[in-house]
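Structure, as structure tokens:
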Amino acid sequence: MTAALSTRGLNKRFGSLIVASDIAISLPRGVRYALIGPNGAGKTTLINLMTGMLKPDGGQIFLGDEDITRLEPQHRVQRGLVRTFQINTLFPDLSALESVTLAICERDGIAPTWWRGLSSYGAATDEAFEILKSLNLVNDCYRPTRELAYGQQRLLEIALGLAAKPSVLLLDEPAAGVPKDESQGLFTAIAGLSRDITILFIEHDMDVVFRFASRIIVMVGGRILLEGTPQEIAEDPRVREVYLGSRHG
Amino acid sequence: MIATTGTALTPHAYLQARSRWGVIEIAFWLATLLPFFLFPNYLSLASQIAITALFALSLDLILGYAGIVSLGHAAFFGLGAYAAGIFSKFVWGEPLSGLVVAAVVAGVVGYATSFIIARFRHLTLIMITLGLGFLVHELANSAHFITGGADGLQGVRIWPIFNYFRFDLYGYTAYSYSLVVLFLTFLVARRLINSPFGLALRGIRENPNRMPAIGASSRAHIRKIYTISATIAGIAGGLLAQTTETVSLGSIDFQRSADVVVMLVLGGVGKLYGGLLGAIIFMVARDQFSGLNPQFWYFPIGVLLVAVVMFLPGGILGGLSRLLAGIRGRRP
Amino acid sequence: MGPIVGVLFDGFAYGMLLFLLSVGLSVTLGMMNFVNLAHCAFAMLGGYVTVTLMNQMGWPFFATLPASFLAAAVASIFLERALYRRLYRAGELDQVLLTIGLAFISVAVAAYIFGTIQQPIQTPSYLRGSIQIGGITFGVYRMFLVATGLAVALILVLTLEYTRFGAQVRAAVDNQRMARGLGINVEGAFAITFALGSGLAGLGGSLAIEIVGLDPSFAFIYLVYVLIVVSVGGLGSIGGSFAAAVLIGISDIAGKYYVPQLGAFLIYLVMVAVLMWRPQGLFGKR
């Protein structure tokens, strides 16, 4: 079976700094992947490369069977490769309902329509409402995004991602800045997402990683060090040395 | 203002409430009829105000809703004015077809330049709009044989509307004509703002970097709204040419580009009515101080701009809505 | 041959004037991304200081130059502290509006105090006239402008390359976050740069009177030229400003000499073409 998302020999450098070196990964459908590694390992860069926010110097990216290496970011999103951001990048003045409705309109290709009122597209709004409901955001969905609590904004990030009907969802530290007790709830919501969606998330909290990931990729210095089950990763001495060792030592 | 009553509101009711006509809106449009009865001697001024308001509305669509700061929007106003004027001089003076010509010329040039506009943001974008504005101004200035250059375009003769309503000295027809065009265009703009496209524009304004990540082609959106805005600016320019039966370089210069930004900011950016309100205040004030040396006129404008930026973000309408929200908030 | 050299020389001299007027804006824009449309108001202030000191107080021309530099620098420090400072993080629209408002005010105040007429000045006799070299006429004042422009460019490059302050400014232009991380007081360095840049604009305003005259519209007419130079040259680049100023100066003079019917068309065309080709300007990094 073809992988949902895969890369071959992906390379990127900024001047003399190598941020991605010969990255080859292959994410099977429906799997929950964690991407871990010390700061500066190139995790966010990898997401930027896969989603087209950065152009690779070499290598290829496949979404299913399709080579998407040359596609613009928005065209990758339209094909189902969707990401969220580590730092909230939302629409401060739009309400949560409007933001998610917008994402649905873009997905369905109705966003260019300017001669019909938004109220003629009730289905889009209903769907947005359902997504917000599934993430427990309904109570505040009419308020401007900037008035939402930080944790709610993190959830809205995910809601925007879901609105695009992703086949692959890349979550860049979805719980960044969220207190530990709330982050469990956030990951429970992520774990509850449809099994049709392949998920890759960056996360630093090892408890969370081991609890919610079925497989783990370890990156160091722009390279993939190792890929395996949580068990394999936990027992690997190299991981202890470069990652766990540096954190706990 | 929408009351945030939590879950009691269904998504549909919320959307409908956002696009429903408010009492203040209806009152505003009824009030535009007042000059016919209260100030019959000022109908020419009222007509100029309506035209300027239409121009400000066109700028609001790109500045207020898509976040494109343009310092050269007079290019499209002027293109429309010259197109309508030259059309009436060399083809015929029928006003409605002339207005269509003005709209099409400005729209086509707007569409062509939108490919440039959509590529840039920030300072470079401001510079590009400024540069294009000066370019068109210089073009109009140098093409003396057809535009009349610095002497202005003479010999514009406009036929009666529907071959019946003659443009009179008092500006009765002029104001009626400008007001109807303003209102119809406003309806289109209002529908646009409340459409899925309007939502996408607000998305671009709020966070252009996020738009690709939700699958949006921001550039296509920007090209479209820029073309629409240029078309409306062209209609406004065409109206001015037809109602005054002359076109001067003043219709296309930097001063006009700057003035319209000032009006819009003064009234309130991104509120649809901000440009209309700003145009009324600006034009009435300028008429009152018309005896003054024009360079002194810059002083209150400058002070106003500094004051709005420093103390009144959102302009007059922004201030009013905050005031209203404050009063409502204090109610038990 | 003669006219070409003459046009090139006049264009180059005019370019030096544009360089003085614009280099400060380029560097401060590169540091803070602050869109200062009141930049030429400082230049205009410098011009009026020179006119007033010469015509009212009888100062010699050269003595007024440091005074105009100082006046513009001091005025800019005052405005930076009072107003600009609050808008560093605001959007470009707010910055444009505030500074265009200040430019408007400066125009009205200048018109109120000095009237709308062109200000006459009497430059010293040794700067007037022209000399002939190989059958080509070179205006003495323009030669003086070229010398001043080159000297200022040299001083700026040396300051930026070889002093501690210059290193801070370069770091701030390059990467503001990193500069802050290194403990550089970016705000302080910016305030000083801003004052120096405005001072240079003031100097440029004084030197411009002989060439282009001085009236209240100066703040806007030359703002356009300055913005063109800055965006064509690239933000934060002294070399870029220099090259762009020369390019625009020569294009403008040559355009007006050879194809007068095009008017100022040519320089706007140059600007739009350069920005289409390189949106970050000829020498800009971003």
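The values are calculated or read from the model by the stated rules, or taken from the named source; none is laboratory data. This structure is a prediction, so every number in the text was calculated from the model and none was measured. Here the Cβ positions follow ideal geometry from the backbone for every residue, glycine too, while neighbour counts run over all protein chains shown. Quick note on the areas: whole protein, heavy atoms, side chains included, nothing else; ligands and nucleic acids left out. Shrake-Rupley method; radii C 1.70, N 1.55, O 1.52, S 1.80 Å.
Those residues that are more than 8 Å from chain B (Cβ to nearest Cβ) and either of a type outside the set (Val, Ile, Thr) or in contact (Cβ under 8 Å) with a residue 60 or more places away in the chain (or both), I need them from segment A:105-139; list them, please.
At the first step, the residues of segment A:105-139 found to be more than 8 Å from chain B (Cβ to nearest Cβ) are A:108-109, A:120, A:123, A:127, A:130-137.
Selection gives A:Asp108, A:Gly109, A:Ser120, A:Ala123, A:Glu127, A:Glu130, A:Leu132, A:Lys133, A:Ser134, A:Leu135, A:Asn136, A:Leu137.
Would you point out which residue out of B:Leu277, B:Leu317, B:Leu266, B:Leu304 is at negative phi, within 8 Å of chain C (Cβ to nearest Cβ) and out of contact with any Asp or Glu (no Cβ under 6 Å at 6 or more places or on another chain)? Spell out how you get there, then give the answer.
Working: B:Leu277 fails: within 8 Å of chain C (Cβ to nearest Cβ); B:Leu317 fails: within 8 Å of chain C (Cβ to nearest Cβ); B:Leu266 fails: within 8 Å of chain C (Cβ to nearest Cβ).
Testing whether each residue is at negative phi, within 8 Å of chain C (Cβ to nearest Cβ) and out of contact with any Asp or Glu (no Cβ under 6 Å at 6 or more places or on another chain) leaves just B:Leu304.
Under the condition of being more than 7 Å from chain B (Cβ to nearest Cβ) and hydrophobic (A, V, I, L, M, F, W, C), which residue from segment C:254-268 is surrounded by the most Cβ atoms within 10 Å (Cβ to Cβ)? Can you show your working first?
Residues of segment C:254-268 that are more than 7 Å from chain B (Cβ to nearest Cβ), as a first pass: C:254-260, C:266-267.
Those still in the list that are hydrophobic (A, V, I, L, M, F, W, C) too: C:254, C:259, C:266-267.
Values: C:Ala254: 16, C:Val259: 12, C:Leu266: 18, C:Ile267: 27.
Among them, the one singled out is C:Ile267.
Go through segment C:77-106 residue by residue and tally those that are crowded, with 17+ Cβ neighbours inside 10 Å and either facing another protein chain (nearest Cβ under 8 Å) or more than 17 Å from C:Ala195 (Cα to Cα) (or both). Let's see the steps before the verdict.
Keep residues of segment C:77-106 that are crowded, with 17+ Cβ neighbours inside 10 Å, which gives C:79-80, C:83-84, C:87, C:92-106.
Narrowing the set further to residues that are either facing another protein chain (nearest Cβ under 8 Å) or more than 17 Å from C:Ala195 (Cα to Cα) (or both) leaves C:83, C:87, C:92-98, C:100-106.
The total comes to 16.
Between B:Gly133, B:Gly93, which is assigned by TED's automatic domain parsing to the domain that holds B:Ser248 and in contact with a helix residue (DSSP H, G or I) (Cβ under 6 Å, 6 or more places away or on another chain)?
B:Gly133
Checking the conditions here, which among C:Ile131, C:Ile184, C:Ile192 is surrounded by fewer than 24 Cβ atoms within 10 Å (Cβ to Cβ) and within 30 Å of C:Pro3 (Cα to Cα)? Can you show your working first?
On the way: C:Ile184 fails: within 30 Å of C:Pro3 (Cα to Cα); C:Ile192 fails: within 30 Å of C:Pro3 (Cα to Cα).
Exactly one of C:Ile131, C:Ile184, C:Ile192 is surrounded by fewer than 24 Cβ atoms within 10 Å (Cβ to Cβ) and within 30 Å of C:Pro3 (Cα to Cα), namely C:Ile131.
Return yes when B:Val284 is modelled with pLDDT of 85 or more, surrounded by fewer than 18 Cβ atoms within 10 Å (Cβ to Cβ) and either among the hydrophobic types (A, V, I, L, M, F, W, C) or outside the structural domain of B:Ala174 (by TED's automatic domain parsing) (or both) and no when it is not. Break it down stepwise before answering.
Details: modelled with pLDDT of 85 or more: yes; surrounded by fewer than 18 Cβ atoms within 10 Å (Cβ to Cβ): yes; either among the hydrophobic types (A, V, I, L, M, F, W, C) or outside the structural domain of B:Ala174 (by TED's automatic domain parsing) (or both): yes.
Criteria met by B:Val284.
Rundown of residues vs (1) open to solvent by less than 30 Å² (accessible area, probe 1.4 Å); (2) of a type outside the set (A, V, I, L, M, F, W, C), yes/no style:
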residue	(1), (2)
A:Ala128	yes, no
A:Lys133	no, yes
A:Tyr142	yes, yes
A:Glu147	no, yes
A:Gly151	yes, yes
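Of the residues that make up segment B:193-201, is at least one within 12 Å of chain A (Cβ to nearest Cβ) and either part of a loop (DSSP other than H, G, I, E, B) or under 13 Å from the mean Cα position of the chain (by Cα) (or both)? Reasoning before the result, please.
Step one: filter segment B:193-201 for residues within 12 Å of chain A (Cβ to nearest Cβ), giving B:193-201.
From what's left, either part of a loop (DSSP other than H, G, I, E, B) or under 13 Å from the mean Cα position of the chain (by Cα) (or both): B:194-195.
Looking through segment B:193-201, at least one residue is within 12 Å of chain A (Cβ to nearest Cβ) and either part of a loop (DSSP other than H, G, I, E, B) or under 13 Å from the mean Cα position of the chain (by Cα) (or both).
Applying the selection to segment B:219-229, what residues are more than 8 Å from chain A (Cβ to nearest Cβ) and farther than 25 Å from B:Leu184 by Cα?
Passing the criteria: only B:Arg219.
Determine, yes or no, whether B:Arg322 is of a type in the set (Lys, Arg), free of Cβ contacts under 8 Å to residues at least 24 places away in the same chain and part of a helix (DSSP H, G or I). Break it down into steps so the answer makes sense when it comes.
Values: of a type in the set (Lys, Arg): yes; free of Cβ contacts under 8 Å to residues at least 24 places away in the same chain: yes; part of a helix (DSSP H, G or I): yes.
Answer is yes for this residue.
Go through the residues of segment C:54-76 one by one and say whether even a single one is small (Gly, Ala, Ser), away from chain B (no Cβ under 14 Å), in contact with a Phe, Trp or Tyr (Cβ under 6 Å, 6 or more places away or on another chain) and within 20 Å of C:Ala43 (Cβ to Cβ). Quick ask: steps written out before the conclusion?
From segment C:54-76, those small (Gly, Ala, Ser) are C:58, C:63, C:67-68, C:71-73, C:75-76; that's our starting set.
Add one more test, that the residue is away from chain B (no Cβ under 14 Å), and what stays is C:58, C:63, C:67-68, C:71-73, C:75-76.
Narrowing the set further to residues that are in contact with a Phe, Trp or Tyr (Cβ under 6 Å, 6 or more places away or on another chain) leaves C:72, C:76.
Pick out the ones that are also within 20 Å of C:Ala43 (Cβ to Cβ) and you get C:72, C:76.
Yes, segment C:54-76 contains at least one residue that is small (Gly, Ala, Ser), away from chain B (no Cβ under 14 Å), in contact with a Phe, Trp or Tyr (Cβ under 6 Å, 6 or more places away or on another chain) and within 20 Å of C:Ala43 (Cβ to Cβ).
Going residue by residue through segment B:230-238, is there one that turns out to be open to solvent by 60 Å² or more (accessible area, probe 1.4 Å) and either away from chain C (no Cβ under 14 Å) or in a helix (DSSP H, G or I) (or both)? Please lay out each step first, then the result.
Residues of segment B:230-238 open to solvent by 60 Å² or more (accessible area, probe 1.4 Å): none.
No, there is no match, as no residue in segment B:230-238 is open to solvent by 60 Å² or more (accessible area, probe 1.4 Å) and either away from chain C (no Cβ under 14 Å) or in a helix (DSSP H, G or I) (or both).
Here is a list: C:Pro124, C:Pro120. Which entry is at pLDDT 80 or above, closer than 25 Å to C:Tyr14 by Cα and over 22 Å from the mean Cα position of the chain (by Cα)? Spell out how you get there, then give the answer.
Details: C:Pro120 fails: over 22 Å from the mean Cα position of the chain (by Cα).
Answer to the selection: C:Pro124.
Consider segment C:223-247. How many of its residues are within 16 Å of C:Met16 (Cα to Cα), crowded, with 24+ Cβ neighbours inside 10 Å and of a type in the set (Gly, Ala, Ser)?
The qualifying residues number 5.
Please specify each residue of segment C:204-222 satisfying the condition of being open to solvent by 10 Å² or more (accessible area, probe 1.4 Å) and under 14 Å from C:Phe114 (Cα atoms).
C:Gly213, C:Asp215, C:Ser217
Here's the yes/no breakdown for (1) buried (at least 23 other Cβ atoms within 10 Å of the Cβ); (2) of a type outside the set (Ser, Thr, Tyr); (3) more than 9 Å from every other protein chain (Cβ to nearest Cβ); (4) farther than 30 Å from A:Glu72 by Cα:
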| site | (1), (2), (3), (4) |
| --- | --- |
| B:Ala140 | yes, yes, yes, yes |
| B:Ile146 | no, yes, yes, yes |
| B:Gly152 | no, yes, yes, yes |
| B:Ile158 | yes, yes, yes, yes |
| B:Arg191 | no, yes, no, yes |
| B:Asn207 | no, yes, no, no |
| B:Arg210 | no, yes, no, no |
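Count, please, the residues in segment A:87-110 that happen to be crowded, with 24+ Cβ neighbours inside 10 Å and over 24 Å from A:Leu170 (Cα atoms).
Counting residues in segment A:87-110 that are crowded, with 24+ Cβ neighbours inside 10 Å and over 24 Å from A:Leu170 (Cα atoms) gives 0.
Here is a check on your reading of the model: is A:Arg76 buried (at least 20 other Cβ atoms within 10 Å of the Cβ), more than 7 Å from chain B (Cβ to nearest Cβ), basic (Lys, Arg) and closer than 30 Å to A:Gly151 by Cβ? Explain how you work it out, then say what you get.
Values: buried (at least 20 other Cβ atoms within 10 Å of the Cβ): yes; more than 7 Å from chain B (Cβ to nearest Cβ): yes; basic (Lys, Arg): yes; closer than 30 Å to A:Gly151 by Cβ: yes.
The answer is yes for A:Arg76.
Could you list, in sequence order, the residues of segment B:105-138 that are surrounded by fewer than 19 Cβ atoms within 10 Å (Cβ to Cβ), in contact (Cβ under 8 Å) with a residue 40 or more places away in the chain and either assigned to a helix (DSSP H, G or I) or touching a Leu at 6+ places or on another chain (Cβ under 7 Å) (or both)?
Scanning segment B:105-138 gives B:Tyr111, B:Phe115.
So, of the residues in segment B:239-262 that are within 13 Å of chain C (Cβ to nearest Cβ) and open to solvent by less than 10 Å² (accessible area, probe 1.4 Å), which turns out to be farthest from B:Leu187 (Cα to Cα)? Spell out how you get there, then give the answer.
Quick first cut of segment B:239-262, residues within 13 Å of chain C (Cβ to nearest Cβ) only: B:249, B:253-255, B:257-262.
Now restrict to residues that are open to solvent by less than 10 Å² (accessible area, probe 1.4 Å): B:257-258, B:260-262.
On the way: B:Ser257: 24, B:Ala258: 26, B:Val260: 20, B:Val261: 22, B:Val262: 23 Å.
Out of the qualifying residues, it is B:Ala258.
Give the number of residues within segment B:78-103 that are of a type outside the set (Ser, Thr, Tyr) and closer than 21 Å to B:Arg256 by Cα.
11
In segment A:1-29, how many residues are open to solvent by less than 10 Å² (accessible area, probe 1.4 Å) and out of contact with any helix residue (DSSP H, G or I) (no Cβ under 9 Å at 6 or more places or on another chain)?
Result for segment A:1-29: 2.
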